[in-house]
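The values are calculated or read from the model by the stated rules, or taken from the named source; none is laboratory data. A quick note: this is a predicted structure, and the numbers were derived from the prediction, not measured. Neighbour counts run over all protein chains shown; Cβ positions are idealised from the backbone, glycine included.
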Amino acid sequence: MLGTAAVAMWWDVAPEARAEWEDWHSTEHMPERLAIPGFLRGTRWVAESGEPSYFVSYEVASLETLTGGAYLERLNNPTPWSRKMMPHHRNMVRSLCVLRAGWGGGLPRTLATVPEEYLLGNKAMYLFAYNNVKTAYSKDGYFSEAGAKTTLKALAASNPKLKPEEIRLAETYTNEFVKKALAKYAKRK
């Protein structure tokens, strides 16, 4: 774990609100939180089934980060989109945590298994990038329509030549390859 404290949260989001909620959380809320001094890493986990459906953790430099002015300013003055999305958090549990002890290999042990050529000479940058994308990986290979839309939105934001309105996502992003691979390789298990 980075830092000496964290905020851990669990909640559900109504199915009809999930697509917009995930867009908001990925493109506005989490980047906003990680811009606060002392916020070191944020992760979002989604349950395969049951409730609560989401778990989010923000690792912070110290407990004071979560009681300090910069965080309280954001907490007490949410953006208009945040105000719209907050009512969709159901059965929310929020807990402030302090690191008392740590052990195990964790990310350094994982990093030791990465081929050197993947690091491009910058192990710290690779680790930073990995930490910021690992929650986006699909466990079964499938991706949602909302995920494809979010990817397109991110690509368009970084490339002004890209015209999202000219891209037909249903023809560009499909799960057909995943279905075929799972059908073929699931039999071998």
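Structural remarks
- When the test is whether a residue is surrounded by fewer than 16 Cβ atoms within 10 Å (Cβ to Cβ) and in contact with an Asp or Glu (Cβ under 7 Å, 6 or more places away or on another chain), ARG90 passes it.
- Here TYR54 fulfils each of the conditions (1) touching a Gly at 6+ places or on another chain (Cβ under 9 Å); (2) surrounded by 17 or more Cβ atoms within 10 Å (Cβ to Cβ) apart from (1).
Every residue, every condition in (1) outside the structural domain of TYR130 (by TED's automatic domain parsing); (2) of a type in the set (A, V, I, L, M); (3) more than 21 Å from CYS97 (Cα to Cα), yes or no:
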residue: PHE39; (1), (2), (3): yes, no, no
residue: THR67; (1), (2), (3): yes, no, no
residue: ALA70; (1), (2), (3): yes, yes, no
residue: LYS84; (1), (2), (3): yes, no, yes
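- Where a residue in region 152-168 is outside the structural domain of THR27 (by TED's automatic domain parsing) and its partner, wherever it lies, is outside any helix (DSSP H, G or I), with Cβ under 6 Å and at least six apart: LEU155/LEU162; ALA156/LEU162
- Selection status of ALA8, hydrophobic (A, V, I, L, M, F, W, C), surrounded by fewer than 18 Cβ atoms within 10 Å (Cβ to Cβ), in contact (Cβ under 8 Å) with a residue 24 or more places away in the chain and not in a strand (DSSP E or B): no
- Matching residues in region 72-95 - criterion: being out of contact with any strand residue (DSSP E or B) (no Cβ under 8 Å at 6 or more places or on another chain) and farther than 26 Å from GLU16 by Cβ: LEU72, GLU73, ARG74, LEU75, ASN76, ASN77
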